[in-house]
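The values are calculated or read from the model by the stated rules, or taken from the named source; none is laboratory data. This one's a predicted model, so the numbers in the text were calculated from it and none came from an experiment. Ideal geometry is used to build each Cβ from the backbone, glycine not excepted, and the neighbour counts take in all protein chains shown.
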Amino acid sequence: MKRVLVSLVLIVCLAGCAESGLVGADLFGQRCASCHGAEGAGGIGPAIDGSSAAVDLVDDQLEGVIRVGPGSMPSFDTLTDEQIQSLVDHIRVLQSGP
């Protein structure tokens, strides 16, 4: 019984992580890729991939950048906390490389 419960908890957690990744990838494609590039390598906006200074930001700082939009970057303060976290998760995936 204990194994079944642990297995169910793991399945639910993994499903949530996968969903967050999909949501983050979709949001990134819709809201960020036009400036930062599909893979985060930069374009109009700076790179945010593994070669960028963004790797040194902790998640809270990255969330703040997304929410406030420093400089010429638009703010995304209309996104929910969950959407912003999913964007942070996706950016971390981009930073980890292929």
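Can you name every residue in region 49-60 that is surrounded by fewer than 12 Cβ atoms within 10 Å (Cβ to Cβ) and at pLDDT below 95? Ala53, the sole residue that qualifies. For Gly37, the criteria (1) within 12 Å of the chain's Cα centre (by Cα); (2) of a type outside the set (Ser, Thr, Tyr); (3) at pLDDT 90 or above hold in every case but one, which is (1).
Of all residues in region 52-70, those that are at positive phi have Cβ atoms under 6 Å from Cβ atoms of residues that are surrounded by fewer than 17 Cβ atoms within 10 Å (Cβ to Cβ), 6 or more apart or on another chain, in Gly69/Ser75. When the criteria are applied in full, Glu63 fails the requirement of being modelled with pLDDT under 95 and of a type in the set (Asp, Glu). Filtering region 75-98 to residues that are of a type outside the set (Phe, Trp, Tyr), surrounded by 10 or more Cβ atoms within 10 Å (Cβ to Cβ) and outside any helix (DSSP H, G or I) leaves Ser75, Asp77, Leu79.
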